[in-house]
Amino acid sequence: MQAQFIVFFKALLGSCKDLLPIILVIAFFQILILQQPLPNLSDVFIGLMLVVLGLTFFIYGLEMGLFPIGESMAQAFARKGSIWWLLTFAFCLGFGTTVAEPSLIAVAKEAAVVAANGGIIENNEQVKESYGDGLRLTVAFSVGFAIVIGVLRIIKGWPIHYLIMGGYAMVVLMTALAPKWIIGIAYDSGGVTTSTITVPLVTALGVGLASSIKGRNPMIDGFGLIAFASLTPMIFVMAYGMAIGG
């Protein structure tokens with residue numbers, strides 16, 4: 001119990017250290033440039049404490065739960081020796097974590113509202129909900145596909161830079177072909193997928209898998225899955241825009 005408290009206290013100090021630059025920047029511009037006191041100082045202080053505690057619990061939870069379970073499941077599937085089940089697990093992990101990603105949900109809802117206001121889709125709730133759900137499922141499917149490609153890369157030992165260069169060449173091609181209104185959404189979709197839920201589990205999967213396969217280096221081969229997870233949504237979302245027209 002005491003050891004866990006020490007680990008939690010270290011995570012708390014780490015969160016304070018991580019947030020300190022942000023606090024200093026805001027304080028500098030608020031006090032010296034704007035020369036105004038912070039409004040509702042007590043509320044700001046309470047909110048800041050909640051942010052510190054939330055970040056601490058999140059990091060502590062990752063280290064205690066998500067990272068170990070991701071690595072252990074990857075190692076267990078590698079020992080099982082079934083590539084099919086490993087790839088199925090990789091796809092489901094990528095799809096499941098992405099479809100539940102809060103940032104993606106927010107972007108999909110906002111994109112639906114803007115698309116309706118811009119005349120791309122009909123301005124009613126059913127159509128907007130359908131558009132948002134289609135966008136979320138497209139991104140989630142693309143991330144699942146990306147994790148499968150990344151796992152195959154680790155198993156086969158393929159050089160990551162060739163795959164990344166080929167992927168971005170496809171992004172450039174799709175950018176030239178896709179409707180202009182979907183391009184910005186597609187590029188943002190690549191960023192929002194690599195957020196709170198997806199990154200820890202996918203990283204743990206890559207490191208655990210590379211640690212379990214003979215001849216693979218976790219430092220060299222274990223990382224890179226996130227790059228695929230941020231690349232493929234841009235391609236798939238632009239294809240989604242081309243499919244629905246406009």
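Shown here for the stretch 80-125: GluC sites (Glu not before Pro) in loop regions (DSSP other than H, G, I, E, B) with at most 15 other Cβ atoms within 10 Å, namely E122. For the chain, the solvent-accessible area of protein heavy atoms averages 56 Å² per residue (probe radius 1.4 Å; ligands and nucleic acids excluded). Value of Rg to Rh for the stretch 1-138, rounded to two decimals, is 1.13; Kirkwood radius and Rg both from alpha-carbon coordinates. Once the C-beta distance of Y162 and L53 is scaled by a Förster radius of 41 Å, the resulting FRET efficiency is 0.40 to the nearest 0.05. Here the contact order of the stretch 66-159, divided by its residue count and restricted to Cα pairs under 8 Å and six or more residues apart, works out to 36 percent. Put a dot 7 Å past the Cα of K214, heading toward its Cβ, do the same for C92, and the two dots end up 2.9 nm apart.
If you sort the three axes of the alpha carbon gyration tensor as a ≥ b ≥ c, you get a/c of 1.5 or more for the chain and a/b no higher than b/c, which makes it oblate. Here the label points at I31 and L13, each 7 Å from Cα along the C-beta direction, are separated by 2.5 nm in the simple model. The lysine pair count for the chain, using Cα distances under 22 Å and pairs eight or more places apart or on different chains, is 6.
Using a simple spin-label model with pseudo-atoms 7 Å out from Cα toward Cβ, S42 and L20 lie 2.9 nm apart. Stretching the chain fully between A100 and Y187 yields a gain of 29.4 nm (0.36 nm per residue, less the alpha carbon separation). For the stretch 153-159, backbone phi angles converted through the Karplus equation (6.51, -1.76, 1.60; θ = phi - 60°) give residue-by-residue couplings of 4, 5, 5, 8, x, 5, x Hz, Gly and Pro being listed as x. Multiplying the residue separation of I83 and N123 by 0.36 nm and subtracting their alpha-carbon distance yields 9.8 nm. Helical content alone sets the calculated 222 nm signal of the chain at -27000 deg cm²/dmol, taking -39,500 (n - 2.57) per DSSP H segment of four or more residues and averaging over every residue. Short-range pairs are left out: with C-alpha atoms under 8 Å and at least six residues apart, the relative contact order of the chain is 25 percent. For the listed peptides 223-231, 11-19, 71-79, 23-31, a ranking on the average number of other beta carbons within 10 Å per residue, highest first, reads 223-231, 71-79, 11-19, 23-31. As a fraction of the 1.4 Å probe accessible area of the stretch 1-76, surface on carbon and sulfur atoms comes out at 77 percent.
The values are calculated or read from the model by the stated rules, or taken from the named source; none is laboratory data. The model shown is predicted, which means the values in this text are computed figures rather than measured ones. Using ideal geometry, Cβ is built from the backbone for each residue, glycine included, and neighbour counts are taken over all protein chains shown. Just the protein is used for accessible areas: all its heavy atoms, side chains included, with ligands, DNA and RNA removed. Shrake-Rupley method; radii C 1.70, N 1.55, O 1.52, S 1.80 Å.
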